[in-house]
Amino acid sequence: MIPSVHKPILVVEDSVEDFTALGRAFRKQALPNPLLRCEDGDQALEYLQGYGKHAGWPKELPAFVLLDLNLPGTDGRTVLGILKKDPQLQSIPVIIFSTSTNSRDIEECYRLGANSYLTKPIEYSVLEEKTQLLVRYWLNTAELPPLS
């Protein structure tokens with residue numbers, strides 16, 4: 001999908017190690033999209049609700065959000081609920097990317113409006129496969145509405 005080719009991908013992840021591994025896996029895709037990290041839910045909401053207003057933040061909304069659930073401060077569930085209730089942000093795909101395989105977590109995330117739920121893999125090769133699928137589907141296959 002051409003419109004999202006260079007939009008940032010927002011990764012809301014408190015773990016430096018997980019973000020570093022994700023960055024490496026996305027770079028292997030030769031992805032032109034910048035990877036933007038928010039370390040907690042509060043920082044993610046500040047960017048998403050005030051995009052274009054803060055120096056240093058991208059001037060456009062992300063192509064999609066990879067959202068960890070267990071974050072310091074405002075957790076991922078709360079961030080997801082706020083995004084999906086906001087008319088200007090609700091059409092941004094939010095993919096939960098968590099270590100939790102708890103069925104209650106998965107059900108709650110879909111109830112709150114998650115577009116997908118992926119479990120963080122332990123093996124790096126599986127992480128590469130998942131990032132390849134994310135890029136293929138969310139950037140090259142899915143038809144998404146324009147964001148205002």
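Here are the numbers for this structure:
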{"read-out": "Segment 64-99-segment 1-50 distance, computed between alpha-carbon centres (Å)", "value": "13"}
{"read-out": "Ellipticity estimate at 222 nm from DSSP helix runs (n ≥ 4, -39,500 (n - 2.57)) divided over the chain, nearest 500", "value": "-10500 deg cm²/dmol"}
{"read-out": "Taking the chain and dividing mean pair separation by its residue count, relative contact order in percent (alpha carbons under 8 Å, at least six apart)", "value": "26"}
{"read-out": "Gyration tensor (Cα) of the chain, equivalent ellipsoid semi-axes in angstrom", "value": "20, 19, 15"}
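Values quoted throughout were computed directly from the atomic coordinates according to the rules given, and no laboratory measurement underlies them. Quantities reported herein were computed from a predicted structural model and do not represent experimental measurements.
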